[in-house]
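Asks: Please find one structure pasted underneath; my questions will follow.
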Amino acid sequence: MATLVKRRRADGSLAYRVQDRTTGYPSLSETFSTLKAAREFRRKIERERSEGLAGIHRGRQRLAEAVTAYTATAEFRKRKAGRDTSRHLTWWVDRMGELPLARITAELVADHLHTLEVGGCSGSTVNRYRSALSRLFRYAIKTRHWTDHNPCAMVERRQEGKARERVITPGEWKLLITTAEQQGAAVQGNNRMDPTYSPTAQLANFLRIAYGTAARSGDVRGLRWEYVDLDEKNVTFHDPKTGSGYTLPLVGGALEAINAQSK
């Protein structure tokens, strides 16, 4: 509940200060020159905060509790980068886990991110930590209604360096595919059970598909026959890292590799 305190200024005039320290909300203090204005402000604050606390404990959840709830959701478990996000959130819990969500400010978040920069982390790494915490607050706001502010929204993203572009040269590709074929032939020449299906035996075809389609290595490793349309000569990756499926044409060595796998 807000308190109203009357005090006398140095010039002899009266002043009325309204203070509120409701648990889960930032502390508030305002000074007025008239008793009427101070009382109206106190009633307004008490009404707003009582309505905000009706039926829920808005802002009172600790960060550690919010992280536990968020990481247990089905949405989080389906995330491709869930392991990295969990690691980033654990870092935040180690530093602010006992703080209520309402007391985590943009300044506090910025200070912790600054320690990462001082420790030598790149701008992209710092942004990943910021994004993990911001995603948690979006869950707390939209799904659980535990708070109504996201302090990360007021923290500027760091500048990230340009992605390194590296394309394999024709000479490197020839050496790589020749070595993969030799390794595969050596495995198939052994008296092992079903050597045709060993990773080494399939390495050459894996490389041809990756090289011919420019798909992510993880998508190619998870390639299934139901994703392949030999009539249309294309392949559709339904569950990629980005979450949005995409279709790529099969031409040249990639098409030859798919035909070889079909045998």
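The values are calculated or read from the model by the stated rules, or taken from the named source; none is laboratory data. Please read these numbers as outputs of a predicted model, since none were measured by experiment. Heads up: the accessible areas ignore ligands, DNA and RNA and are worked out on the full protein's heavy atoms, side chains in. Shrake-Rupley method; radii C 1.70, N 1.55, O 1.52, S 1.80 Å.
Asks: Taking every eigenvalue of the Cα gyration tensor of segment 38-180, multiplying by 5 and rooting it, what semi-axes result, largest first, whole Å?
Replies: Numbers: eigenvalues 352, 64, 32 Å².
They are 42, 18, 13 Å, listed from largest to smallest.
Asks: Quick one: length gained pulling Leu28 to Leu176 fully straight, 0.36 nm per residue minus the C-alpha distance?
Replies: So the chain would gain 46.6 nm between Leu28 and Leu176.
Asks: For Cα pairs less than 8 Å apart in space and 6+ apart in sequence, what is the mean separation divided by the residue count of the chain, i.e. the relative contact order in percent?
Replies: 11
Asks: Let me ask something else. Go through Leu203, Leu28 and list them by solvent-accessible area, largest first, probe radius 1.4 Å.
Replies: Values: Leu203 65, Leu28 40 Å².
Highest to lowest solvent-accessible surface, that is Leu203, Leu28.
Asks: Tell me, what is the per residue accessible area of the chain in Å², probe radius 1.4 Å?
Replies: Details: 16750 Å² over 263 residues.
So the chain comes to 64 Å² accessible per residue, rounded to a whole number.
Asks: Next question. Search the structure for amide H atoms under 5 Å from the amide H of Phe32, placed 1.01 Å from N in the peptide plane, and list their residues when 5 or more places away or on another chain.
Replies: Tyr16, Arg17, Val18
Asks: On to the next question. Of the accessible area of the chain, with the probe set at 1.4 angstrom, what percent is carbon plus sulfur?
Replies: 49
Asks: Suppose only helical runs count, i.e. DSSP H with n ≥ 4. What mean residue ellipticity at 222 nm does that imply for the chain under -39500 (n - 2.57) per run, divided by all residues and rounded to the nearest 500 deg cm²/dmol?
Replies: So the helix-based figure for the chain works out to -15000 deg cm²/dmol.
Asks: Compute the long axis of helix 199-213 from its Cα atoms, compare it with the longest principal axis of the Cα atoms of the chain, and write down the angle in degrees, 0 to 90, nearest 10.
Replies: 70
Asks: Taking only Cα atoms and a 10 Å spring cutoff, compute GNM fluctuations for the chain and point out the largest among Thr179, Thr169, Thr22.
Replies: Result: Thr169 has the largest fluctuation of those listed.
Asks: Quote the relative contact order of segment 125-224 in percent (integer), defining contacts as alpha-carbon pairs under 8 Å separated by 6+ residues.
Replies: Here the relative contact order equals 16 percent.
Asks: Put one equal scatterer on each alpha carbon of the chain, apply the Debye formula with no solvent term, and list log10 I(q)/I(0) at q = 0.12, 0.13 1/Å to two decimals.
Replies: Once normalised to I(0) and log-transformed, intensities are -0.92, -0.99.
Asks: Run through all the Cα pairs of segment 79-159 and give the fraction in each 10 Å bin from 0, expressed as whole percent.
Replies: Over segment 79-159, the share of Cα pairs per 10 Å bin runs 18, 55, 26, 2 percent.
Asks: Taking 30 Å as the cut-off for C-alpha to C-alpha distance, list the pairs among Lys142/Lys162; Lys80/Lys263; Lys174/Lys233; Lys162/Lys233; Lys44/Lys142; Lys6/Lys142 that go past it.
Replies: On the way: Lys142/Lys162 33 Å; Lys80/Lys263 32 Å; Lys174/Lys233 24 Å; Lys162/Lys233 34 Å; Lys44/Lys142 25 Å; Lys6/Lys142 41 Å.
Those over the limit are Lys142/Lys162; Lys80/Lys263; Lys162/Lys233; Lys6/Lys142.
Asks: Principal axes first, then extents: for the Cα atoms of segment 103-244, list largest minus smallest coordinate on each axis, whole Å, largest first.
Replies: Sorted largest first, the three principal extents are 66, 34, 32 Å.
Asks: Put Trp225, Trp91 in order of accessible area, largest first, 1.4 Å probe: what do you get?
Replies: Listed by decreasing accessible area, they come as Trp225, Trp91.
Asks: Using only Cα atoms, find the angle between the long axis of helix 106-118 and the longest principal axis of the chain, and express it within 0 to 90 degrees, rounded to the nearest 10.
Replies: Its long axis makes an angle of about 40 degrees.
Asks: For helix 123-138, what angle does its Cα long axis make with the longest principal axis of the chain, in degrees from 0 to 90 and rounded to 10?
Replies: Once rounded, one gets 60 degrees.
Asks: Any chance you could look up the accessible area of Glu226 with a 1.4 Å probe, heavy atoms only, rounded to 10 Å²?
Replies: 120
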